[in-house]
Amino acid sequence: MAAPLDMEPPALSLELLPTDPLLLILSFLDYRDLMSCCRLSRRLNQLSSHDPLWKRHCKKYWLISDEEKSRRNQSWKAIFISTYSDLGRYIRYYATLKKAWDDLEKYLGQRCPRMIGSLKESVREEDLDAVEAQIGCKLPDDYRCSFRIHNGQKLVVPGLMGSMALSNHYRSEDLLDIDTAAGGFQQRLGLKQCLPLTFCIHTGLSQYMALESVEGRNKYEIFYQCPDQMTRNPSAIDMFITGTSYLEWFTSYVNKVVTGGYPIIRDQIFRYVHDKECVATTGDITVSVSTSFLPELSSVHPPHYFFTYRIRIEMSKDALPEKACQLDSRYWRITNAKGDVEEVQGPGVVGEFPIIGPGGVYEYTSCTTFSTTSGYMEGYYTFHCLYYKDKFFNVTIPRFHMVCPTFKVSTARMVSRGAETNHNEHAVDEDEDSTDTDEYEDRRRVLDIPAPSGRCPRHT
């Protein structure tokens, strides 16, 4: 007998749906939705506990490997839940920061093993809570998360956050552990509610993170302090900005290191930036340039921006032996942001007359200053052949640009001028460039940096 036409089909029950399609659907859910499914029905609770579903989340959020899972001898779901109970507040940041730390350790372990030995073990949640109570400010979660992985490093040389050596000037920045950072927390005018992230024992240089939006800073902004030398007000502190958040600041630095953007020299990370287009080849000789800004020798008031550059001169290994040559002199054409040009010519480089042959490399470091926020240099070296001593030729030095990082002018100065607090670099009066080395020595004294035994070679 046929069923009546108006009879409704039976309701589709979840219990009647096949398992495999349901598991496929659940595999697209995020961990929050997967946990919610556990509470909806007995069937979904059983399906949501299917262990392979949690493998993806363990790998995505906690970077748990199959090997670690085997060592723990737990299910993927149990690992996810136990890790979440400890680090759940950091789930937005943990995988990114853990990968950065893992990549850094792997890279430096092969190149700077003693630096890896300076890293400190992670801290506990209660340690971070105690620091917040001590300084009276909340720490950002990305900062806290990083210290749950590594508690900075011991105060050693070389520092994890990069080094710089120039003539008699040297710095190397350590990543501070949480207790040392808390001890340097600032409440004085000009640096109110600022926490130091790094420290250099040679220069006293630190990068600070603003824990509140005060004195013209954005919350969690990271910067180098720069005292205003044109006012007697000690709270007039300008800032060279190096990051907008701890996550961005730390991961961008690590990326530069592990991709080879910063060279490793004598077991240290040197913060020179190389533009891949900044290369010039003349015959068998190639010249490339890397540059770096030195905040500790720079100021906004007066405008004085200090840069160092590292030059690599290399002869092709396929060059003929008779192509061996010696550098005799250099010529520089230096142009500031106003278009003012200065020409410098002199014998050798840094007091040397290097000889270079097939496959040979010569590198040296020098510096320059601008009173404008940017400028560029270019020029050539003059060589003579060793086999044909009367044969001279010029080798092109590619044009390389130097640009001061973003900075903010102190609110103390702006209040005294009756102007707005947020200014960009073009708001600064820019005087003529000066390349006098005596001015460099005076600038060093103003910054209260110990005087070196010699002078910085400029434009060499």
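Quick notes on this structure:
- Members of segment 15-37 that are open to solvent by 70 Å² or more (accessible area, probe 1.4 Å) and closer than 22 Å to residue 59 by Cα: 24, 25, 28, 32, 33
- In segment 101-111, the condition of being over 23 Å from residue 205 (Cβ atoms), open to solvent by 10 Å² or more (accessible area, probe 1.4 Å), of a type in the set (Lys, Arg) and in contact with a strand residue (DSSP E or B) (Cβ under 7 Å, 6 or more places away or on another chain) is met by at least one residue.
- Of the residues making up segment 217-236, those that are out of contact with any Pro (no Cβ under 6 Å at 6 or more places or on another chain) and either open to solvent by less than 30 Å² (accessible area, probe 1.4 Å) or assigned to a strand (DSSP E or B) (or both) number 10.
- Residue within segment 54-70 that is of a type in the set (Val, Ile, Thr) and part of a helix (DSSP H, G or I) present: no
- Residue tally, condition β-branched (Val, Ile, Thr) and within 17 Å of residue 396 (Cα to Cα), over segment 304-341: 4
The values are calculated or read from the model by the stated rules, or taken from the named source; none is laboratory data. Keep in mind that this is a model prediction, so the values were computed, not measured. Glycine also receives a Cβ, built like all others from the backbone with ideal geometry; neighbour counts cover every protein chain displayed. Accessible surface areas use protein heavy atoms only, side chains included; no ligands, DNA or RNA. Shrake-Rupley method; radii C 1.70, N 1.55, O 1.52, S 1.80 Å.
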